[in-house]
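The values are calculated or read from the model by the stated rules, or taken from the named source; none is laboratory data. Given the structure is predicted, the values throughout are model-derived calculations rather than measurements. Please note: Cβ atoms are built from the backbone with ideal geometry, for glycine as well, and neighbour counts cover all protein chains shown. Protein only, heavy atoms only, side chains kept; ligands, DNA and RNA dropped before computing areas. Shrake-Rupley method; radii C 1.70, N 1.55, O 1.52, S 1.80 Å.
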Amino acid sequence: MPDVGSEVAWLTEIADLWPLIQNPPHVTTLSHHYYFGGPATNPEVNIPNLLKPATMGKVQHTADAATAAANKMGVRVRMTEGNTFIAAASPVCPTFSLRHRGLPNSLLLASNNYSGINLHGGTGKSVANSVGGFLPGDILLKEKGESAELMAAHPHPFYTPIATFGSEYVMEPDAYGLKFAGEFNGGTFLHG
């Protein structure tokens, strides 16, 4: 189905109305996005709020709604885009992304029978072009007085699973979290 963005409640509406459609198209998957918050310049989008248990509770709530809708329609569900921050992120993301997205989110979604997840990424240039030609995280670093050399030491676009440093590609914490979670492929989740 077309992606509903972050409005997961729409999946519930689609599933409720689906039986009323005569000769519905063949659908295999419902999909949605999930972002913790944003933009990066929002003061509420910070590490303490990112690390609150309620944040993982929101991920679970999203997964519950999406999974229920998919089950009602007899299809799978997939998170087709996710990230910590919307609008090109913040330089605080890579430090905590392994804890917040790469590993726990992928295991939580796998335990909800998701067919997979896609984390938002891309080169710093391509992401900057999509949000006006610059990365908001670079603006935040400039405002903190960081030099161009220190700014270049951050992965770009800050939150990507595979970052670019010039012409070099480097695995970031999210990629390691996803790789680790992939080791559980074929396993059985025990809910306690």
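A few points about this structure:
- Residue match in region 32-50 (condition: under 23 Å from Ser111 (Cβ atoms) and surrounded by fewer than 15 Cβ atoms within 10 Å (Cβ to Cβ)): no
- All of Ser147, Ser115 fail the test of being within 20 Å of the chain's Cα centre (by Cα) and of a type in the set (Gly, Ala, Ser), apart from Ser115.
- Region 137-155: number of residues that are modelled with pLDDT under 80 and open to solvent by 30 Å² or more (accessible area, probe 1.4 Å): 7
- Out of Phe180, Phe134, sole residue that is under 22 Å from the mean Cα position of the chain (by Cα), open to solvent by 30 Å² or more (accessible area, probe 1.4 Å) and more than 30 Å from Ala66 (Cα to Cα): Phe134
- Residue within region 107-122 that is open to solvent by less than 50 Å² (accessible area, probe 1.4 Å), of a type in the set (Phe, Trp, Tyr) and at pLDDT below 70 present: no
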